[in-house]
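**Student:** Sharing a structure here in structure tokens format.
The values are calculated or read from the model by the stated rules, or taken from the named source; none is laboratory data. Keep in mind that what you see is a predicted model, and the values were worked out from it rather than measured. Reconstructed Cβ throughout: ideal geometry from the backbone, glycine too, with neighbour counts over all protein chains shown.
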Amino acid sequence: MSIHPPLSPAKRWLGLALIATAQFVVIMDTSIIGVALPDIQRDLGFTPESLSWVFNAYVVAFGGLLLLGGRLSDAFGARKIFALGWIILIAGSLLAGAADSVGLELTGRAVQGAGSALIAPAALTLLMLMFGGTSDLPKAFAVYGAAAPIGGTAGVFLGGVLTEYASWPWVFYVTIPIAVIVLAFTATALPRTVRNASGSIDIGGAVTVTVGLAAIVYGVVNAPEVGWLTMQTLSVLAAGIVLLGLFFLIQARSRNPLLRLGMLREPQLGAANGAQLLLGGAWVSMWFFLNLYLQQVLGASAFAAGAALLPMTGLVVLVMIALAPRLQARFGAKSLIVSGLLVLSAGLGWLSLIRPDGSYLVDVLPASLLAALGMSLAFVPSLGTAINAAPPAETGVASGLVSTSYQIGSALGLALLTAIVYGISGADASPVELTAGYSAAFVGAAILALAGALITAVAMTKPPVPATTPQESISA
């Protein structure tokens, strides 16, 4: 069914620009705080152990609430939830920037994560509404996917510049003018959608999945500090597992579940989410530890380390936009996902050969470009496959699920590999010891990417069936 009135090409691409901006900001807000953390710690009184929660409070709220964001998008309309998410993100940014205590800072970061959890699935739903069933869909996914590494790299640069020349609160305030601009164009550039779902929202499911995921991430993040086999770690992890089990029980019995369990039996959706989970764990961990290797071992400044990531970002953008859609059209999503994850694994294996007295041009640049090529090939087709596997009425839930997979994979992968790094290098490590730890992290990330390739090769046994165009859900 056509759109009445039809969306003009200019309006569709302006809408895509807003959606890509959403992806840019969501990822930027995870990376922009890195350089500012020492100043935040000094001014607000964070302990070294608690400082990581400036990052984790955002990621846990973001990952834990994505399914709820997807269901709200289906129930009340993607454009409304998209706009609401930006309003909440503005509130969280104001609170995080103005915070004068640890509690307020973490609250602000959690509110930012909650806003992003509404924005991300709604943005993907809107992308499908505007481009689903058209020949421009792969290109639209490519633009959306390329916004993530651009946001990550921009966050590193902006964080350094704002912390050095303004003050650390501006790493949070910088989101506000972007949000205001997006909100100004939302009503005119994005389609208004009708309700796809009815009935009550599954609040019990939202609470159990969010708290369960938060408990597991908390347990893994803090295990290196308190011990993996301590009562604290085991009890927190057990509580998280029990809550997730309760979540699935609620979903099985609910009339309006947050996540219809029948969706998980769709092999394309399951395989694509598995690929995104392991891709997030491998790629985000590589980016994190590569940045530390450049600064702590090779002696690069924060700004120089950010500049060193630019070639990767440029390649990711180029491949996602110009190459990956053409390769997917020729060889199919499965082949591209498997090949991309294998190439990413090879690049990570190459990075594991880093030396304490190494150089950027020899030890980092070629291997990081190979890894970036692999990530670029795997990201767009796995994302598109996961969303296309769901019926149009559940596009928001599928978007939330695949975003959850990537974010939780990132958080858990980074936590596990951090434990490996500091288990090998120890406290107050020398450059030689740090290099050994980072090398082990790259090996671990390579194993994650290889596992993703194997799971995709086995589970994705047939090409995905194109979803019915969701444009019929757009109203004037």
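**Student:** Within the range 438-446, identify whether any single residue is aliphatic (A, V, I, L, M), within 24 Å of Arg326 (Cα to Cα) and in a helix (DSSP H, G or I), and answer yes or no.
**Tutor:** Within the range 438-446, none of the residues are aliphatic (A, V, I, L, M), within 24 Å of Arg326 (Cα to Cα) and in a helix (DSSP H, G or I).
**Student:** Scan the range 216-232 and report the pairs whose first residue is in contact (Cβ under 8 Å) with a residue 60 or more places away in the chain and whose second residue is outside any helix (DSSP H, G or I) and of a type in the set (Asp, Glu), with Cβ atoms within less than 6 Å and a gap of 6+ or a chain change.
**Tutor:** Glu225/Glu49
**Student:** For the range 1-118, give me every one of the helices (runs of 4 or more DSSP H) that falls completely inside it and has 3 or more residues that are of a type in the set (S, T, N, Q) and either over 27 Å from Ile216 (Cα atoms) or in contact with a helix residue (DSSP H, G or I) (Cβ under 8 Å, 6 or more places away or on another chain) (or both).
**Tutor:** 9-31
**Student:** Which residues, counting only those in the range 144-194, are small (Gly, Ala, Ser) and within 17 Å of the chain's Cα centre (by Cα)?
**Tutor:** Correct list: Gly145, Ala146, Ala147, Ala148, Gly151, Gly152, Ala154, Gly155.
**Student:** Assess whether Gly384 counts as being more than 30 Å from Leu68 (Cβ to Cβ) and small (Gly, Ala, Ser).
**Tutor:** Answer is no for this residue.
**Student:** Let me ask you something else. For the structure I just gave you, tell me whether Ala307 is assigned to a helix (DSSP H, G or I) and either modelled with pLDDT of 85 or more or under 27 Å from Ala457 (Cβ atoms) (or both).
**Tutor:** Values: assigned to a helix (DSSP H, G or I): yes; either modelled with pLDDT of 85 or more or under 27 Å from Ala457 (Cβ atoms) (or both): no.
It is false that Ala307 is assigned to a helix (DSSP H, G or I) and either modelled with pLDDT of 85 or more or under 27 Å from Ala457 (Cβ atoms) (or both).
**Student:** Counting just the residues of the range 347-393 that are part of a helix (DSSP H, G or I) and hydroxyl-bearing (Ser, Thr, Tyr), which one comes out surrounded by the fewest Cβ atoms within 10 Å (Cβ to Cβ)?
**Tutor:** For the range 347-393, the residue satisfying everything is Tyr360.
**Student:** Hey, could you check the range 421-464 for residues that are of a type in the set (Val, Ile, Thr) and modelled with pLDDT of 85 or more and say which is farthest from Leu264 (Cα to Cα)?
**Tutor:** We begin by selecting, within the range 421-464, every residue of a type in the set (Val, Ile, Thr); these are 421, 424, 432, 435, 443, 447, 455-456, 458, 461.
Cutting the leftovers down to modelled with pLDDT of 85 or more gives us 424, 432, 435, 443, 447, 455-456, 458.
Values: Ile424: 38, Val432: 45, Thr435: 40, Val443: 30, Ile447: 25, Ile455: 15, Thr456: 15, Val458: 16 Å.
Looking at the filtered set, the residue picked out is Val432.
**Student:** Okay, next question. List pairs: first in the range 187-207 and under 15 Å from Val397 (Cα atoms) and at pLDDT 80 or above, second part of a loop (DSSP other than H, G, I, E, B) and polar (S, T, N, Q), Cβ under 9 Å, 6+ apart or cross-chain?
**Tutor:** Gly205/Ser254
**Student:** Let me ask another. Restricting to the range 317-346, what's the tally of residues that are closer than 10 Å to Ala371 by Cα, out of contact with any Gly (no Cβ under 6 Å at 6 or more places or on another chain) and crowded, with 22+ Cβ neighbours inside 10 Å?
**Tutor:** 1
**Student:** Here's a follow-up. Does Ala252 satisfy the condition of being assigned to a helix (DSSP H, G or I), closer than 27 Å to Ile81 by Cβ and not acidic (Asp, Glu)?
**Tutor:** yes
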